[in-house]
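One structure is given here, and the rest of the page talks about it.
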Amino acid sequence: MRRIAVIASLVMVVLVVGIVGARIVDSRQVSRHQFLMGTMIEAKAYGYKANRALDQVYARLAEIEQKMTVNQPGSEIDAVNAAAGRSPVQVSPDTYQVVSKAIAYAALTGGKFDPTIQPIVSLWRIGFPDARVPRPEEITTALPLVGYRGVQLDETRSTVYLTKPGMGIDLGAIAKGYSADEAVAILKQNGVKSGLISLGGNIYVLGNRPDGKPWRIGVQDPVSKRDSFLGIVEIADATLVTSGAYERYLDVDGQRYHHIIDPSTGYPAESDLISATIVTTSSIDADALSTSLFVLGRAQGLALANQLPGIEAILVDKGNFVYVTDGLKDQFTLINQDYQLAK
Ligand code: AMP
Ligand code: MG
């Protein structure tokens, strides 16, 4: 009898210590921010290996940026672009994977999403101090260089070949999504059960919040200043990525030019949308799709989101109507009176 009592009380002690211990470990939060990939990158992680995990996350993000940026010479994308019309260039598995995903989305959207938009993007340079409105002749000259069909991929050799001289790839619409997926994989490898990574408009939440409730993520109000929201989405183990005309733009003579280009015109996409948000589990897909849906516009955008399994969307049109796909309606709350939920 006494032995059973002793064992029982030992079990109790172990249980109590276990629970308290788990609480202490789980609530140990580490958060950090650093400017990378042209944006402020914020990360939060809970758990006893959180610190080490975040070291690895930022190192990995810097590595991805170094491989894929078009804004610094010496990247793999830079090498691919420099060899356009001359020769295939061997790239790392990271870059190969992102380029081939980007080409797949170009095919899916009939070229509305197109990573070969680089010759046009480099004329506008929206988001940089030397941004300008190109002369119409410059656009006409650069436009024939845009077209994903001119990209040749060789999976066995891991090479990318741009078939016309002057062609160029820009992964600005998709690389942050890949980075978010990689960051979350690193958190998981380190046993982190709860965390968040935000790369500009690109967010991934791992698990629930430490209190066991879903994360509440704000959807940016597309016409107001940063960090004011039009609505809140409650999610766990999911990514939320927004593309909007408000993110980067240039104002000239009362005209606003934003950074998302319609590859068929070479000018900022004249979308009926002011923002497109995707919620799903893969951030590379969400990133490619948020840009795609913005260019496609409301009707085609909603049709595409509804056709793809596991993809939810929140679209805001110029009339301030908010369209939410069925699978997300219960998790979305509109909080801003300037907007109205569409029926
Ligand atoms: P995001 O902020 O993810 O919507 O991506 C916008 C960025 O992607 C721009 O700053 C350009 O670098 C690039 N981009 C612009 N237009 C397109 C397009 N139609 N397809 C693919 N990338 C684009
Ligand atoms: Mg994108």
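Read-outs throughout are calculated quantities, based only on the coordinates presented, and are distinct from any laboratory measurement. As the structure is a computational prediction, the values presented were derived from the model and not from experiment. Don't worry about glycine lacking a Cβ; one is built from the backbone with ideal geometry, like all the others, and counts go over all protein chains shown.
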Quote the relative contact order of the chain in percent (integer), defining contacts as alpha-carbon pairs under 8 Å separated by 6+ residues. 15 percent
From the helices alone, meaning DSSP H stretches of at least four residues, give me the mean residue ellipticity at 222 nm for the chain, per-run term -39500 (n - 2.57), in deg cm²/dmol to the nearest 500. -11500 deg cm²/dmol
Please identify the GluC sites (Glu not before Pro) of segment 203-298 that satisfy two criteria: DSSP loop assignment and at most 12 other Cβ atoms within 10 Å. Which are they? Glu270
Within-15-Å neighbourhood charge of Gly266 [Cβ basis; K, R +1; D, E -1]: -2
Could you tell me the distance between the Cα centroids of segment 61-89 and segment 114-128, to the nearest Å? 15 Å
Approximate shape of segment 56-107 as ellipsoid semi-axes (Cα gyration tensor, √5λ), whole Å, largest first: 20, 15, 9
How charged is the neighbourhood of Lys112? Take every other residue with its Cβ under 13 Å from the Cβ of Lys112, and add Lys/Arg as +1 and Asp/Glu as -1. -3
Over segment 49-181, what relative contact order in percent results from Cα pairs under 8 Å that are six or more residues apart? 33 percent
Could you work out how far apart the two model spin labels at Gln189 and His33 are, taking each label as a point 7 Å from the Cα in the direction of the beta carbon, and quote it in nm? 2.7 nm
Name the GluC sites (Glu not before Pro) in segment 131-190 that are in a loop by DSSP and that have at most 10 other C-beta atoms within 10 Å, would you? Glu155
Neighbouring Cβ atoms within 10 Å as the yardstick, rank Asp227, Asp154, Asp253, Asp287 fewest first. Asp253, Asp227, Asp154, Asp287
Dipole in debye (nearest 20) - segment 55-100, about Cα centre, beta carbon charges: Lys, Arg +1; Asp, Glu -1: 180 debye
Would you list which lysines come within 29 Å of Lys318, measuring only between C-alpha atoms, while excluding same-chain residues fewer than 8 positions from it? Lys112, Lys176, Lys225, Lys329, Lys343
Exposure-ranked with fewest Cβ neighbours within 10 Å first, Thr281, Thr242 stand as Thr281, Thr242
Under 20 Å from the 7 Å Cα→Cβ point of Ser122, by amide nitrogen: which residues of segment 263-279? 263-268
Checking understanding here: applying a Kyte-Doolittle mean of at least 1.6 and a length along the axis of at least 20 Å (C-alpha), which whole DSSP H helices in the chain pass? 2-27
Taking the Cβ of each residue in Ser122, Ser228, Ser271, Ser243 as the centre, tally the other Cβ atoms inside 10 Å and list the residues starting with the fewest. Ser228, Ser122, Ser271, Ser243
Quick check for me: using +1 on Lys/Arg Cβ and -1 on Asp/Glu Cβ, what's the dipole size of the chain about its Cα centre, in debye to the nearest 20? 1240 debye
